[in-house]
1. Would you confirm, using the coordinates I've provided, whether B:CYS85 is more than 14 Å from every other protein chain (Cβ to nearest Cβ), closer than 28 Å to B:LEU182 by Cβ and over 14 Å from the mean Cα position of the chain (by Cα)?
2. When the residues of the range A:1-60 are filtered to those that are surrounded by 14 or more Cβ atoms within 10 Å (Cβ to Cβ) and β-branched (Val, Ile, Thr), which remaining residue is farthest from the other protein chains (Cβ to nearest Cβ)?
3. Are there any helices (runs of 4 or more DSSP H) wholly within the range A:380-449 with 3 or more residues that are surrounded by 17 or more Cβ atoms within 10 Å (Cβ to Cβ), and if so which?
4. Determine which single condition A:ARG105 fails, assuming it passes every other condition in (1) closer than 17 Å to A:ALA178 by Cβ; (2) in contact with a helix residue (DSSP H, G or I) (Cβ under 7 Å, 6 or more places away or on another chain).
5. Which members of the range A:234-261 meet the condition of being buried (at least 20 other Cβ atoms within 10 Å of the Cβ), within 14 Å of chain B (Cβ to nearest Cβ) and either β-branched (Val, Ile, Thr) or touching a Phe, Trp or Tyr at 6+ places or on another chain (Cβ under 9 Å) (or both)?
6. Over 39 Å from the mean Cα position of the chain (by Cα), over 22 Å from A:LEU664 (Cβ atoms) and in a helix (DSSP H, G or I) - does that describe any residue in the range A:580-588?
7. State yes or no: is A:PHE846 outside the structural domain of A:LEU682 (by TED's automatic domain parsing), closer than 30 Å to A:PHE899 by Cβ and not in a loop (DSSP other than H, G, I, E, B)?
Amino acid sequence: MLKYKTFVKKTRSGGILKVVREHYLRDDIWCGSEVCVECKDETPVLEKDPCMESNLCTFPHYLIPDTNVVLHQIDVLEDRLIRNVIILQTVLQEVRHRSAPVYKRIKDAIHTKEKNFYTFTNEHHRETFIEREPGESANDRNDRAIRVAVQWYSKHIPDSANIKVVLLTNDRLNKEKAEQAGLIAYKCEEYIKSLIANPELIDQLALTSDDKNEITSSKILFPEHLPLSQIQAGIKSGKYIQGTFRANRDNYLEGNVFVQGEGDESTEILLQGLQQLNRAVHQDVVAVELLPRKDWVAPSAVVLQDDGPKAEDDEQEEEEEKKLQMKQVAQQALKPTGRVVGIIKRNWRPYCGMLSVSLIKQATRHLFTPADRRIPKIRIETRRADSLAGQRIMVAIDGWPKNSRYPNGHFMKSLGSAGDRETETEVLLLEHDVPHLPFSQNVLSFLPKMPWTITDDVMKNRVDLRHLCVCSVDPPGCTDIDDALHCRDLENGNLEVGVHIADVSHFIRPGNALDQEAANRGTTVYLCGMRIDMVPELLSSNLCSLRSDVERLAFSCIWEMNHNAEILNTRFTKSVINSKASLTYAEAQMRIDDTSMNDDITKSLRGLNKLAKILKAGRIEKGALTLSSPEVRFHMDSETHDPIDLQTKQLMETNSMVEEFMLLANISVAQKIYDEFSECALLRKHPSPPSSNYDILHKAAKAKNLVIHTESAKELADSLNDAEIDGFPYFNTLLRILTTRCMMQAVYFCSGLDSDFRHYGLATPIYTHFTSPIRRYSDIIVHRLLAVAIGADSTYPTLMDKHKQAALCNNLNYRHKMAQYAQRSSVAFHTQLFFKNRGILNEEGFILFVRKNAIIILIPKFGLEGTVFFENKNKPSPKMVFNEEIPTLTVEGHTFNMFDCVRVTISLDASNIQHQKIRMALLEPVIPGVSVPPPDSEPEAKKMKLDR
Amino acid sequence: MATVQISEAEKLYVVHGVRDDLRVDGRGCEDYRHTEIETDVVSNTDGSAKVTLGHTNVLVGIKAEIGKPKPMLPDEGYLEFFVDCSANATPEFEGRGGEGLGIELSNTLYKVFSNKQSVDLKSLCISPGEHCWVLYVDVLLLQCDGNLFDAISVAIKAALFNTKIPKVRIAEEEDGGKEIELSDDPYDCVRVNVENVPCIVTLCKIGHRHVVDATLQEKACSVASLLISVTHKGLVTCVRKLGGGSLDPESIFEMTETGKRVGKALHAPLMELLQKEESLGSKRQKVGFLG
């Protein structure tokens, strides 16, 4: 049967368009129940004995939730207790329209076999399709469609089966109308509370705004948000500005709105104070109104944290706000300041964190403190506070009414007890949006079948290099070996050097599930003692890993060089290699140094090493930077996986040997793919930092009577080399650490959409990533491009689409950044574990930065950075003078300069179970009332902890 | 226009018949052929109608779009006409053959309909000087068997009656900007008042008499015809002479009188029919093009 669906819509250009769609109705849509005899469904989804024990519905029943129930109570629906649910097409479409994440989750639930969720396409069913009536709103029509479907079900299911259908709706009118029509309808809360099997499910119920029992006073705390139509009109007229809200990590009363301008331009608008922030949560898309220029303020350098539940004592808060505004600042420091007038799009996600149990006994409302400090505390309702305390939990925000100091949310799930290695790892993976679930069957189905052998088909377009003396050099314990090297003398006296990279693109074909998964993951994430692979293990640790004594497919880059490391000839080819040895850096170094060894591998290594030194010298001559960052490595206990020792990474000659050739290969490949595909080559660039970034470096050097030239990379490298202070050997390293902080992020980009290709840090005009396809997706794309360029593989449309390429680059850059953050968090957590049982340590450190109320200290021994605060909540602050120009901080007469050597105590601060952290306190220089006594006297140390 | 060749004898036969008020197909001089009307036949237009007059078959679709009012008439909307002479109607229209006729027809239609006496153009205004509704009237000739103008005019009147313009609202913004807002309910729409919309009566001078609704054969016997558009009150809004021959003043006067009388009589049954069809609502079984 054919029907027409007609609706009128407004086009973007302001026109009015009448749209007519044909809508076909069918009579072969099955009800999906096992008990049904009429429908010819071969695999019915709904069970014949649906068993959800409930006080309200004592009979077997199927559930039909309405749209709002699915949208708001998806956490409950996802619970394994809730089964045999009929999701109507009307509901599914509305959910899809209103929230993509919820839509994905409900789809996942439908696909989970054990949940017995059935999608009933009521909109195409001849008997359940209804047309919108005159005077009926779209919502009313949908509600009616749902009721009609419920009615149909209750008539359709044979009476003998004794199964009823229950409509779940929170809409009062809808419920009334359903009851009038003789249907069984309950409010979601009523129903969930009636479930016998799991009373804990109630905690996962989202708080709906019509809940009468608001804890907060009826006092309106925030200005009303403007309706969307008004916001859109305001943005169009330029009255309001649209941007992404970014909360300040260190100060909960401050945030920025990042406004994307034309092209690359972007501006930031400062927001200060709760009223101005007006319930914006980190990452929300908001509309802001600029304040008049006289109200503009400067960002404060104060570190402020929202401590504990103090919804009632506003006074303190106001005080804090005042403190923010009090300081007099120079006019030029003022930033455009605005206030949030409305939220365009909430970007809420489930947050990890911990429960701060309410001080009132028996209370069911508690505050939840997210792990991410940029997210405000969330008020949730739970009766399990006691068991949840001390656990890492996930919470979702439901809403933020204007009379509530905190957003309302609900409990989703518990991740395990805080401080556990697994729990904390899970938390940091979730918080950094690292896809870490096991690979799905669909993805795994694209893996090659084992046992895998090299067939003649594979050998087509491939060069046999199995005879070459190839070896790999990697860190110890590395199982995903993606590069191997060789070097041999040629008859004409020149040298042949080859870099062989695992041929991952041979196994991962464009467009399949495996490829999409890898593209989404973007990179392998290395955490302490753990690796989250980008590609399944079969590839990463076996078929693609260039292990010794097995035949492996490779993509080779082979140069002919003279003894001055000048490239005479470059050749790219797909190949088959057989690595003769997998060495660690130390082993390789030993072979090179041991003059008694003269086998092929060692000779090859020596040749490589010699060339690498020349290459490196040449690179430094051109202005490549050698920067440093304090990297630490944990020695893990093999049984408990707890860190037992900590050491900073040691660099050997062989490290730089491998690095040199990888750089060379990357540069050669970058040039090749850019020459072939000037529009769609995937390259990597490192923009030169704006000169203002170097301000802190200039100031720091000036304080030590040195001058650092930053006009070019070359000058910077040279002046860093010259910056030495007698008797202070670590100074140069400190300076390099500081320089690293001044740098910009290196990013992937598509050559067709950019003109600046330079890699500043490496001082090369063009660069890309080619050498680690096992752990980076960018390299896979580069492999594909190169393979097309040399005619070894065929191309495909998305590879040549520069906009798709650019979108991919954005994802890769995002994943790359998140992986770095996750890695840092992992190191930080393991550092905490390390210090956990060591009591209070007494160490020497250097001041890295001077802040307004604190100094940041680097402990070279542990590569550890920490902050010493001079302000305490419960103590009068010492007298502090901050000089921004030099910069220095004078505390009670003692002046702290950058790079000053200090002694501090290090301990794990576990007093705040929410955020365990490494705590540093000043030991030397001794400043009365500020510094702490040496840690050997136990009682004093305890007192220090209490001071917090 | 589509023509037929007839012999002198046939011509004489027709002329003599007309003289005796008996036409070839048995009609009197002021009788129309059998007429069928159906509205709402094309779903993606805002109003449509199909009219069959004898074997003449025309389809009219009306689309409402937002446009800018004409500078001279800032508070009025307007109508645009386009006549497509499909080669279906007659092989003569093939290629660009129908173009000339199409332009002639649409010009005439514009004169007849797009004036504030016929249609309440002020009701098509959304915001004076800025936005108004423009009704695009598209006429498709499906088959030609004489008397195109009358058939088209009836179809246009029916289609205008059927037209439902979405209701829009002008939202004034604080800074003076204006935004058009569309009602969310598809049933929420404005109708066009068709009370004063005229119908065209074409009178063909045959011999000493004149006939309405001439067939192609009769047309071939006539030297000139007079097009009169008449409202339901009998008001003549437009008169045009068509054809190469001349008409003496007396017969023009006579023809106008006849036209007024016939035209006036045409409106009442037409409106009655349209209202009857409308009252059937959405349950009406549509005939469309296959019926």
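1. no
2. The qualifying residue farthest from the other protein chains (Cβ to nearest Cβ) is A:VAL35.
3. Qualifying helices (runs of 4 or more DSSP H): A:421-431.
4. (1)
5. The one that is buried (at least 20 other Cβ atoms within 10 Å of the Cβ), within 14 Å of chain B (Cβ to nearest Cβ) and either β-branched (Val, Ile, Thr) or touching a Phe, Trp or Tyr at 6+ places or on another chain (Cβ under 9 Å) (or both): A:GLY234.
6. No, the range A:580-588 contains no residue that is over 39 Å from the mean Cα position of the chain (by Cα), over 22 Å from A:LEU664 (Cβ atoms) and in a helix (DSSP H, G or I).
7. Here the answer is yes, as A:PHE846 does meet what is asked.
To keep it simple, each residue is scored yes or no on (1) closer than 14 Å to A:TYR153 by Cβ; (2) modelled with pLDDT of 85 or more; (3) touching a helix residue (DSSP H, G or I) at 6+ places or on another chain (Cβ under 6 Å).
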position	(1), (2), (3)
A:CYS51	no, no, no
A:THR58	no, no, no
A:LEU63	yes, yes, no
A:THR67	no, yes, yes
A:LEU71	no, yes, yes
A:ASP75	no, no, yes
A:ARG80	no, no, no
A:ASN84	yes, yes, no
A:VAL91	yes, yes, yes
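The values are calculated or read from the model by the stated rules, or taken from the named source; none is laboratory data. As the structure is a computational prediction, the values presented were derived from the model and not from experiment. In this analysis, Cβ positions are derived from the backbone assuming ideal geometry, glycine residues included, and neighbour counts consider all displayed protein chains.
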